[in-house]
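As structure tokens, the structure follows; a few thoughts come after it.
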Amino acid sequence: PVRKTSEQASKNWKEKISLLNIDGNHEYKFAKQDLQLWLKHLDDNGIVVCHDAFAPYPEVFKAVKEEIFDKNFGYVGINDSQIFAVKNKKSNFQKPFIILASNIWHNEKLPYFLRDFIVKRLLKLFYLNKIMIRVMLNLF
């Protein structure tokens, strides 16, 4: 553990990182800054895990979408509120399902029980089903 702010710690960081866990401030500007500061240190095929990125923090999800989904990360998955991604992997059928699930989860016009049912019961089959993941990854 490094007991400094992300900005302070990243200034002198020289090593490549194979497993990066980001759990910081939930405001958009800070979440985006953490990702920008640290993703450049991630090894090719390294894994990044972002805590509270799926729910209930839409600002963290927005930063993750911009810095991970829309960039050089392929395989992306969810484990509870954490989003994880592998750098430089080419295929990922799950991204659209995760984005759809996040949009539904954060849509406060829908009743909570309906959002919960759709995201945790229906869409979860697509983004957590290991058999489906293996089948789809073998297709690409």
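The values are calculated or read from the model by the stated rules, or taken from the named source; none is laboratory data. Quick caveat, the model's predicted, so the values are computed rather than measured. Cβ placement follows ideal geometry from the backbone for every residue including glycine, while neighbour counts extend to all protein chains displayed. Accessible surface areas use protein heavy atoms only, side chains included; no ligands, DNA or RNA. Shrake-Rupley method; radii C 1.70, N 1.55, O 1.52, S 1.80 Å.
The table below gives the values:
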read-out	value
Where a residue in the stretch 48-73 is in contact (Cβ under 8 Å) with a residue 40 or more places away in the chain and its partner, wherever it lies, is of a type in the set (D, E), with Cβ under 8 Å and at least six apart	F54/D80
Residue in the stretch 46-67 that is touching a helix residue (DSSP H, G or I) at 6+ places or on another chain (Cβ under 8 Å), over 29 Å from L122 (Cβ atoms) and either of a type in the set (S, T, Y) or modelled with pLDDT under 85 (or both) present	no
Y75 being in a strand (DSSP E or B) and modelled with pLDDT under 80	yes
Among residues of the stretch 45-69, those that are closer than 24 Å to R115 by Cβ, outside any helix (DSSP H, G or I) and open to solvent by 50 Å² or more (accessible area, probe 1.4 Å), counted	3
Matching residues, the stretch 5-44, being assigned to a loop (DSSP other than H, G, I, E, B) and either loosely packed, with under 13 Cβ neighbours inside 10 Å or of a type outside the set (S, T, Y) (or both)	N12, W13, K14, E15, K16, D23, G24, N25, H26, E27, K40, H41
Boolean, N107 is open to solvent by 40 Å² or more (accessible area, probe 1.4 Å), polar (S, T, N, Q) and at pLDDT 75 or above	yes
Some residue of the stretch 91-98 being farther than 25 Å from V2 by Cα, open to solvent by 70 Å² or more (accessible area, probe 1.4 Å) and over 15 Å from the mean Cα position of the chain (by Cα)	no
Those residues of the stretch 23-59 which are closer than 15 Å to G77 by Cα and of a type in the set (A, V, I, L, M, F, W, C), in sequence order	I47, V48, V49, C50, A53, F54, A55
Residues that are over 14 Å from the mean Cα position of the chain (by Cα) and over 22 Å from D80 (Cβ atoms), drawn from the stretch 19-41	K29, Q33, L37, K40, H41
